[in-house]
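Participant: First the structure, then my questions, so here it is.
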Amino acid sequence: MTDTVARLAQLDACAASDALDRLSLPGAVTGIQRLTTTRRISGRVITVKMGRDEGQPPASRHLGTTAIESAQPGDVIVMEQRTGIDAACWGGNLSLGARLRQIAGVVVDGPARDIDEAREYDFPVFARSSTAKTARGRIVEVATNVAITIGDVTVNPGDFVVADGSGVVFIEHGHVERVLAAAEAVAARERAMVAALREGTPISQVMGTSYETMLKKAGGSA
């Protein structure tokens, strides 16, 4: 697991997405934005599912706290808030609590709030949107560590994620070794292309068919 997370940390979302395309696997999600920090995040997924507040008795625990307390350092909390209600399932105190437990970041398919606080805590928040509206009286936590839907991707606890300024990419646990190998090949090819550009190779050649041979020169294979 440690080796998997370390290898994942060396990759960006585009390399991971390209690898999924190469393997005909789903996983890339568009439209979730990085709202705080400038860091890329990656790690093992802890999932949280939200639902509408239908007047049920208040939960004994505040939403998100079970995920924070069950996560290991370096994990990423991923939340489904697809109720259609404008209400945040993540806020400032959760950001601080997660930061103190060394959680890598949070990804929310839905709104988050207290964005300025999260910036002060240097905690990475990725979300579909931001809002000032509280969850109280609007949405509730349905479950932690169950299958959820982010964009058009099914995400299970124990899957992996990479998120940066380009987007969010999920990798199924059972496919992670294949995806890592393919993504590392993509990243090596990109490094070879950058080196060729810096050495003066015309960009039309670098971006043409000849770039497929650059990886072999760099010691890998496409």
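The values are calculated or read from the model by the stated rules, or taken from the named source; none is laboratory data. Not measured: the values here are computed from a predicted model. All Cβ positions, even for glycine, are placed from backbone atoms using ideal geometry, and neighbour counts span all protein chains on display. Each accessible area value is taken on the protein alone, full model and side chains, heavy atoms only, with ligands, DNA and RNA left out. Shrake-Rupley method; radii C 1.70, N 1.55, O 1.52, S 1.80 Å.
Participant: Given the criterion surrounded by fewer than 24 Cβ atoms within 10 Å (Cβ to Cβ), of a type outside the set (Gly, Ala, Ser) and touching a residue at least 12 places away in the same chain (Cβ under 8 Å), identify the matching residue among PRO124, PRO73.
Facilitator: Every option except PRO73 fails the conditions.
Quick grid of which residues meet (1) under 11 Å from the mean Cα position of the chain (by Cα); (2) outside any loop (DSSP other than H, G, I, E, B); (3) not hydrophobic (A, V, I, L, M, F, W, C):
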position: ASP3; (1), (2), (3): no, yes, yes
position: LEU11; (1), (2), (3): no, no, no
position: CYS14; (1), (2), (3): no, yes, no
position: SER17; (1), (2), (3): no, yes, yes
position: LEU20; (1), (2), (3): no, yes, no
position: LEU25; (1), (2), (3): no, no, no
position: THR36; (1), (2), (3): no, no, yes
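Participant: To continue, here is another question. Which residues, counting only those in segment 53-69, are at pLDDT below 95 and small (Gly, Ala, Ser)?
Facilitator: Correct list: GLY55, ALA59, SER60.
Participant: Could you grab me the full set of residues in segment 7-37 that are of a type in the set (S, T, N, Q) and either in contact with a Leu (Cβ under 8 Å, 6 or more places away or on another chain) or touching a residue at least 60 places away in the same chain (Cβ under 8 Å) (or both)?
Facilitator: Correct list: GLN10, SER17, THR30, GLN33, THR36, THR37.
Participant: Considering only residues that are assigned to a helix (DSSP H, G or I), over 19 Å from ASP75 (Cα atoms), open to solvent by 30 Å² or more (accessible area, probe 1.4 Å) and out of contact with any Leu (no Cβ under 8 Å at 6 or more places or on another chain), which ones fall in segment 143-187?
Facilitator: Correct list: ALA181 only.
Participant: Could you please tell me which pairs satisfy a Cβ distance under 6 Å, a separation of 6+ or placement on different chains, a first residue in segment 187-207 that is touching a residue at least 24 places away in the same chain (Cβ under 8 Å) and within 22 Å of ALA9 (Cβ to Cβ), and a second residue that is open to solvent by less than 40 Å² (accessible area, probe 1.4 Å) and assigned to a helix (DSSP H, G or I)?
Facilitator: ALA187/ALA15; ALA188/LEU215; ARG189/LEU215; ALA192/MET214; ALA192/LEU215
Participant: I would also like to ask the following. For segment 34-48, how many residues are open to solvent by 30 Å² or more (accessible area, probe 1.4 Å) and β-branched (Val, Ile, Thr)?
Facilitator: The number of residues fulfilling the criteria is 2.
Participant: A further question on this structure: Would segment 70-80 turn up any residue that is modelled with pLDDT of 95 or more and touching an Asp or Glu at 6+ places or on another chain (Cβ under 6 Å)?
Facilitator: yes
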